[in-house]
1. Determine the gain in length on full extension of the stretch R106-S125; use 0.36 nm per residue of separation and subtract their C-alpha separation, reporting nm with one decimal.
2. Measure off 7 Å from each Cα along the Cα-to-Cβ vector at F67 and T16, then give the distance between these two points in nanometres to one decimal.
3. Sort K45, K13 by accessible area with a 1.4 Å probe, largest first.
4. How much of F27 can a 1.4 Å solvent probe reach, expressed as accessible area in Å² and rounded to 10?
5. Quick check: with the 1.4 Å probe, what order do D123, D89, D34, D103 take by accessible area, largest first?
6. Using θ = phi - 60° and the Karplus relation 6.51 cos²θ - 1.76 cosθ + 1.60, list the HN-Hα couplings for the stretch 87-95 in order, rounded to whole Hz, with x at every Gly or Pro.
Amino acid sequence: MSQSQQGLEPLFKALTNHSELIAQAYFNSVVYKDSQNQRALTQLKQLKVLVNHDADGYRVTGRLSQFIDSALSSDRVRRLDTDLASWIDTLEQQIGLYQDALDENRTADCDNYSAEIERLVFDLSDTLEENTRYLL
């Protein structure tokens, strides 16, 4: 068994064992470290399933997020395009929705729009990085 094959088994086990944390990070855009999940989050980060979001938070990596989007036939897949102008248009639209919610003191909506804006920015960053690496 090759080293790559040996590394695959721990990855699949971690995905299975920590599916709730991964789902939380995917659907909420971030999962925060606490005393009960710290070890699992560290393992998922080492396996490159999660990446740092902030000091105590983690988000799903861009590639895994794209895979999940595709597997779930997510609306985000239909909405996002590799065309940079489309990404910017979508981002501007979300910012406008956030500003409207902020002006109307709709805190829950603000939080949702803010999380989506953040997710779009991270997804765009990951896509640009991947495309740049491909071009090089």
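1. Full extension of this stretch gives 4.0 nm more.
2. Those two pseudo-labels are separated by 1.5 nm.
3. K13, K45
4. 140
5. D103, D89, D34, D123
6. Once rounded to whole Hz, the list reads 4, 5, 4, 5, 5, 4, 5, 5, 5.
The values are calculated or read from the model by the stated rules, or taken from the named source; none is laboratory data. Just so you know, these numbers come straight off a predicted model, no measurement behind them. As a convention, Cβ positions derive from the backbone with ideal geometry for all residues, glycine included, and neighbour counts pool all protein chains shown. Just so you know, the surface numbers come from the protein's heavy atoms only, side chains and all, with ligands and any DNA or RNA stripped out. Shrake-Rupley method; radii C 1.70, N 1.55, O 1.52, S 1.80 Å.
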